[in-house]
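Asker: Quick one: the structure is below, questions incoming.
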Amino acid sequence: MLRIENLTVEIAGKRVLGGVNLEVPKGEIHVLLGPNGSGKTSLITSILGFPSCHILSGNIRFNGTDITTMPTDERVKLGIGVAFQNPPQIRGVKLGDVLRHLTKGKIDEVKLAGTTNIPVDFFGRDLNLGFSGGELKRTEILQLLAQRPDFAIFDEPDSGVDVENLEVIGKAINEFLKNRSGLLITHLGHILRYLKVDKAHVMFYGTIACSGKPTNIINRIMKKGYKWCERCPKVKKLR
Amino acid sequence: MPKGKKTTLKAIEKPAAFGPDLDVEAFKRETSYWPACKISTLPRDIAQRALSVGISTEEKERAGTYFQIDHSAILQTIRETFSGKAEIMSTKKALKKYRWAKEYWWEIVDANTDKFTALAKLKWDQGYFIRVLEGQKITIPLQACLFISKDNFNQNVHNLIIAEPNSEAQIITGCTVHPNVQSGLHVGISEFYVQKNAKLTFTMIHNWAQNFNVRPRTAALVDDDATFVSNYMCMKPVKSLQMYPVAYCKGANSRVRFNTILHGNQNSHLDVGSKVVLQGKGSRGEIITRAIASDNAQINARGLLVGEHEDSKAHLECRGLLLSDEAYIHAIPELVGNVKGTELSHEAAVGKIAEEQIQYLMARGFSQTEAESLIIRGFMDINIFGLPDALKRDVKRMIDATFGGAL
């Protein structure tokens, strides 16, 4: 479904990705782990084609189509959707207006809001303005549920979220991804308690250092932290 | 203040403190007389322009209507339901009918301020008188339309608005020109008296023409426990518009709020501000301005808060959005504290649309144009006006018509 080959990207003159190879086949859910600053979010903005991401080499294919130079909104129309980690505040643009644009009247936004524990009065609020950390995550996921992309990317949906809401978010994502494909980015891995993933990748220094069975990789990292990875010869080589 | 005709005549030479100077003699004064008519029988082209400034031609949507074309007051009616509760008529008629009206005439606006106030005194062409009677709550808006039908014409109106004690009303005023009009000069003097415990919300919408000049001169006197909300919106091109309305919070616990939404486009020169003078104990003021400049527009967005009472508080907020490299916005917020204890504050920001906001919305499937339009319309958030739903819908429609509809 998503196939990234040898992707090297610069943002503001700084190399953030160096030769990334990643493939997520249709129907699979992968998790992307990695310490802060390893390039996880840069990979997402590159998949979306934000103009700040200058592609030096490599390509991105989605369902067989080369999307490497496609504008963001066209990629989104092909079926890519992202729940962002740090969405910008947009004064005067109401959450409800964006949701209505996304659902196009096909699904009930109010019901959807319930599944992410977002009160309906949020619909009249300015996008991301004055939202708490947990509210930001939940409204991002709500927008993604309304958007219904075939391929969903969740960027750190679990960071800064309390235990009760972690369960709400975990269940909502799990339900949503049942018949879809997706990429889940997490630094701490908390969300994985609620989700079954097919493959794990670990990112270091702007590239995928290793990929494999999620249980092995996740358990080790959860127990020993990324320090354990740093001792791995594969990672050492990348330095 | 000196009120003699001599000083007024002298002031006719005096340029305004702000805005480009104009030769007031360069405009025509002669026009034909327009006979009285019903709002439903207005010529279609006039009715359509009136609609563009929020004037409803459906009688049931408004409590009363004043309609002036050039120098003629063609309509001055109050709906039967509201008769005895509010009055609406030309100021010429009102000054004849009520001797006491003179006490409010040229009382808070000085005719000697500049050539435009002097012009309005020397060559006065009607204007509207609106009186909301004591204790009356007018549940649907009153409306007034000032219309110019001739090119290169000069119209000088003088309006008088009195909200008597414990009354409440919404007024919408639309000022516009016939589609054939390109240039001209409109001078509008407005004196507002918001008496004890009254609440008046005044919304003014302008839609002029590319070579048209506009010089409103407005003052409001706000009494004990009274509230005055003044909303202003100008979205269409104009050659020059300069105004700096002032509200005196004279009464204890008086409240004033100025909300302004400006869109400067083409070669428009807008010099628009609001002043609040806090004189009463517990008086409060707020000025909120949103200004968008595109094409070659120049906008000076002024604001002045003056604290003259030790128990007074006011805030000024001005946000400017630049949509073109040739456009210009100068935010000039000023605070003057004359006594200790007054609390005055301001925040101002001028910038362009943040790239990350556009990208974020594009990641939700909006095209770049849709995303920009959504952000701009969000920036011009009419919720700051606090309008009743029907009026809010009309105003929203105007903004959507100007900035396109992504939704």
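Asker: Taking the Cα centre of chain A as origin, work out the dipole magnitude from +1 charges on Lys and Arg Cβ and -1 charges on Asp and Glu Cβ, in debye rounded to 20.
Answerer: So the dipole magnitude of chain A works out to roughly 900 debye.
Asker: If you don't mind, there's one more thing I want to ask. Round to the nearest 0.05 the FRET efficiency obtained for A:LYS223 and B:CYS37 when R0 = 51 Å and r is the Cβ-Cβ distance.
Answerer: 0.05
Asker: For A:68-75, what's the mean count of beta carbons from other chains sitting within 10 Å of each residue's beta carbon?
Answerer: That average works out to 4.
Asker: Right, next: So what's Rg/Rh here for the protein assembly as shown, counting alpha carbon atoms and using the Kirkwood radius for Rh? Walk me through the intermediate numbers first.
Answerer: Values: Rg = 30.3 Å, Rh = 27.8 Å.
That ratio is 1.09, to two decimals.
Asker: On to the next question. List residues of the stretch A:120-147, by number, whose backbone nitrogen lies under 17 Å from a label position 7 Å along Cα→C-beta of A:ARG100.
Answerer: The answer is A:120-127, A:143, A:146-147, whose backbone nitrogens lie closer than 17 Å to the label point.
Asker: Translational diffusion coefficient, Stokes-Einstein: compute it for the stretch A:159-239 using the Kirkwood radius over C-alpha pairs as Rh, at 4 °C and 1.567 mPa s, and state it as an integer in µm² s⁻¹.
Answerer: Approximately 93 µm²/s, per Stokes-Einstein.
Asker: Something else about it: Please report, as a whole percent, how much of the solvent-accessible surface of the protein assembly as shown comes from carbon and sulfur atoms (probe radius 1.4 Å).
Answerer: The C+S portion of the solvent-accessible surface of the protein assembly as shown is 49 percent.
Asker: Roughly what percent of Cα-Cα pairs across the stretch B:354-407 reach past 12 Å?
Answerer: Looking at the stretch B:354-407, the distances longer than 12 Å represent 65 percent of pairs.
Asker: Still on this structure, please answer the following. Which of A:PRO35, A:PRO157, A:PRO71 moves most in a GNM of chain A, Cα contacts under 10 Å?
Answerer: Highest fluctuation among the options: A:PRO71.
Asker: Net charge within 13 Å of A:ARG220 by Cβ-Cβ distance, Lys/Arg positive one each and Asp/Glu negative one each, not counting A:ARG220 itself?
Answerer: +4
Asker: Further question on the same structure: Under unit Cβ charges (Lys, Arg +1; Asp, Glu -1), what dipole magnitude, rounded to 20 debye, does the protein assembly as shown have relative to its Cα centre?
Answerer: Computed about the Cα centre, the dipole is about 680 debye.
Asker: Please report, to one decimal in angstroms, the Kirkwood hydrodynamic radius of chain A built from all distinct Cα-Cα pairs.
Answerer: Values: mean 1/r = 0.0546 Å⁻¹.
When all Cα pairs of chain A are included, the Kirkwood radius is 18.3 Å.
Asker: Another one. Taking +1 at the Cβ of each Lys and Arg and -1 at the Cβ of each Asp and Glu, which of A:ALA200, B:LEU133, B:THR117 sits farthest along the dipole of the protein assembly as shown towards its positive end, judged by Cα position relative to the Cα centre?
Answerer: A:ALA200
Asker: Rounded to whole Hz and in sequence order, give me ³J(HN,Hα) for the stretch A:79-91 from the Karplus expression 6.51 cos²θ - 1.76 cosθ + 1.60, θ = phi - 60°, writing x for Gly and Pro.
Answerer: So the Karplus estimates, Gly and Pro as x, are x, 9, x, 10, 9, 7, 7, 10, x, x, 7, 10, 5 Hz.
Asker: In the structure displayed, which of B:LYS85/B:LYS392; B:LYS10/B:LYS199; A:LYS40/A:LYS234; A:LYS77/A:LYS178; B:LYS137/B:LYS236; B:LYS196/B:LYS313 lie more than 26 Å apart, Cα to Cα?
Answerer: As for pairs spanning more than 26 Å Cα to Cα, those are B:LYS10/B:LYS199; B:LYS137/B:LYS236.
Asker: Could you give the Stokes-Einstein D for the stretch B:136-193 in µm² per second, using the C-alpha Kirkwood radius, 25 °C, 0.890 mPa s?
Answerer: For the chosen part, D equals 186 µm²/s.
Asker: What residue among B:ARG255, B:ARG79, B:ARG284 has the largest mean-square fluctuation in a Gaussian network model of chain B, using Cα springs under 10 Å?
Answerer: Highest fluctuation among the options: B:ARG79.
Asker: What full-extension length gain, to one decimal in nm, is calculated for B:ASP325 and B:LYS392 as 0.36 nm per residue of separation minus the Cα-Cα distance?
Answerer: 20.9 nm
Asker: Rg and Dmax in Å for chain B, alpha carbons only: what are they?
Answerer: Cα-based Rg and Dmax for chain B come out at 20.5, 67 Å.
Asker: Could you work out the local net charge near A:THR103, counting Lys and Arg as +1, Asp and Glu as -1, over the other residues with Cβ closer than 13 Å to its Cβ?
Answerer: +3
Asker: Residue by residue through B:366-377, how many Cβ atoms from other chains fall within 10 Å of the Cβ on average?
Answerer: Per residue, the average neighbour count from other chains is 3.
Asker: Tell me, Kirkwood radius of the stretch B:182-303 from alpha-carbon pair distances, in Å?
Answerer: 14.7 Å
Asker: Using 7 Å Cα-to-Cβ label points, what is the B:ASP23/A:SER132 separation (nm, one decimal)?
Answerer: Placing both labels 7 Å along Cα→Cβ, they lie 6.7 nm apart.
Asker: Another question, if that's okay. Rounded to the nearest 0.05, what FRET efficiency is calculated for A:GLU167 and B:VAL336 with R0 set to 41 Å and r the Cβ-Cβ distance?
Answerer: About 0.15, to the nearest 0.05.
Asker: Right, here's the next one. R0 = 60 Å: FRET efficiency of B:LYS97 with A:LEU78, Cβ-based, nearest 0.05?
Answerer: After rounding to 0.05, the efficiency reads 0.25.
Asker: Considering only A:THR139, A:THR103, A:THR207, give the residue with the highest GNM mean-square fluctuation for chain A, with springs between Cα atoms whenever their separation is below 10 Å.
Answerer: A:THR103
Asker: Evaluate peptide A:90-102: per residue, the Cβ atoms of other protein chains within 10 Å of its Cβ; return the mean as an integer. Mind showing how you got there, number by number?
Answerer: Numbers: counts 12, 7, 13, 11, 5, 0, 0, 5, 7, 1, 1, 8, 3.
Per residue, the number of nearby Cβ atoms from other chains is 6 on average.
Asker: To the nearest 20 debye, what is the magnitude of the charge dipole of the stretch B:223-289 about its Cα centre, counting +1 on the Cβ of each Lys and Arg and -1 on the Cβ of each Asp and Glu?
Answerer: Magnitude of the dipole: close to 100 debye.
The values are calculated or read from the model by the stated rules, or taken from the named source; none is laboratory data. As the structure is a prediction and not an experimental result, all values here were calculated from the model. For neighbour counting, all protein chains shown are included, and Cβ atoms are generated from backbone atoms with ideal geometry for every residue, glycine included. For the accessible areas, the whole protein counts, side chains as well, though only heavy atoms, and no ligand, DNA or RNA atoms are used. Shrake-Rupley method; radii C 1.70, N 1.55, O 1.52, S 1.80 Å.
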